[in-house]
1. Only one of (1) assigned to a loop (DSSP other than H, G, I, E, B); (2) touching a helix residue (DSSP H, G or I) at 6+ places or on another chain (Cβ under 9 Å); (3) surrounded by fewer than 19 Cβ atoms within 10 Å (Cβ to Cβ) fails for residue 116. Which number is that?
2. Only residues that are buried (at least 22 other Cβ atoms within 10 Å of the Cβ) and either under 25 Å from residue 179 (Cα atoms) or of a type in the set (Lys, Arg) (or both): list them for region 52-77, please.
3. Among the residues in region 96-104, are any closer than 24 Å to residue 182 by Cα and surrounded by fewer than 19 Cβ atoms within 10 Å (Cβ to Cβ)?
4. Hey, among the residues in region 153-170 that are of a type in the set (A, V, I, L, M, F, W, C) and assigned to a loop (DSSP other than H, G, I, E, B), which one's modelled with the highest pLDDT?
5. Identify, by number, the condition in (1) of a type in the set (Ser, Thr, Tyr); (2) closer than 21 Å to residue 196 by Cβ; (3) not in a loop (DSSP other than H, G, I, E, B) that residue 27 doesn't meet.
6. Name every residue in region 189-200 that is in a loop (DSSP other than H, G, I, E, B) and buried (at least 21 other Cβ atoms within 10 Å of the Cβ), in order of residue number.
Amino acid sequence: MSSPVIQLDDVSFSYGETLALQQVNLSVEAGDFLGIVGPNAGGKSTLLKLILGLLEPQAGRVLVLGKRPPRSNRAIGYVPQYPRFARDFPISVEQAVLMGRLSGRPGLGGYRRTDHQAAQQALAEVEAAGLAKRRIGTLSGGQLQRVLLARALVCEPQILILDEPTANVDLRLESDIFDLLRQLNQRMTILVVSHDIAFISSYVSRVACLNRSLVCHHTDKIDGQLISELYGEDVRMVAHRH
């Protein structure tokens, strides 16, 4: 049996006296499509930062592809909730996507032909090839999310991690993006953070419910009582049909 691509064993982390994660255990197998849900300040961003190697666990162990982060980062594509560059920065869509080819490369030395080909392929896959020459600042929220996804895909990752990828788009675009993620899941492992537990339940294979501690459920176990326990209040579960 192959080893998990992501493994967290008894991981805890605090910001000063504020506990963010407590003895979290998580095993993600190759080909999983895992949804991560939970209330604000429940530890979702902290969990991602530990997997990406931006934070180190204060207790326990994190392994990604058998290595301690960030040594495995070249195998991860990451889509942040908000872009880390100013929207008015004078850069084209193609240039933004090409930045994904620089991760882990020793020295810059300019882009190669293969980098440009990979950028064109990634944009085509997210149906954004026509945006290549547009300035980033002219894009709508949905267009920008597709470009950020292309930037994550251009490094040809084994694992794709997305933090609230549909937070700023409407329901139709949300469905389009998750339909694309379903296709991508055929060749890569996907972790996606979302607040919409009902929506992602129709796409993901498991849901990790995180509120400092973590419990995984198969999607057929998600119901109103579980949501209420997770978020600490009455939450109406809305089923989206496709």
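1. So residue 116 meets the others, but not (1).
2. Listed by number, the residues that qualify are 76, 77.
3. Within region 96-104 (the criterion being closer than 24 Å to residue 182 by Cα and surrounded by fewer than 19 Cβ atoms within 10 Å (Cβ to Cβ)), the answer is no, since none of the residues qualifies.
4. Ranking the qualifying residues of region 153-170, first place goes to 154.
5. It is condition (2) that residue 27 fails.
6. Residue satisfying the conditions is 194 alone.
This table checks each residue for (1) β-branched (Val, Ile, Thr); (2) touching a helix residue (DSSP H, G or I) at 6+ places or on another chain (Cβ under 7 Å).
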position	(1), (2)
23	no, no
35	no, yes
38	no, yes
54	no, no
57	no, yes
93	yes, yes
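The values are calculated or read from the model by the stated rules, or taken from the named source; none is laboratory data. Everything numeric in this text was worked out from a predicted model, so none of it was measured. Neighbour counts are summed over all protein chains in view; Cβ atoms, including those assigned to glycine, are modelled from backbone coordinates with ideal geometry.
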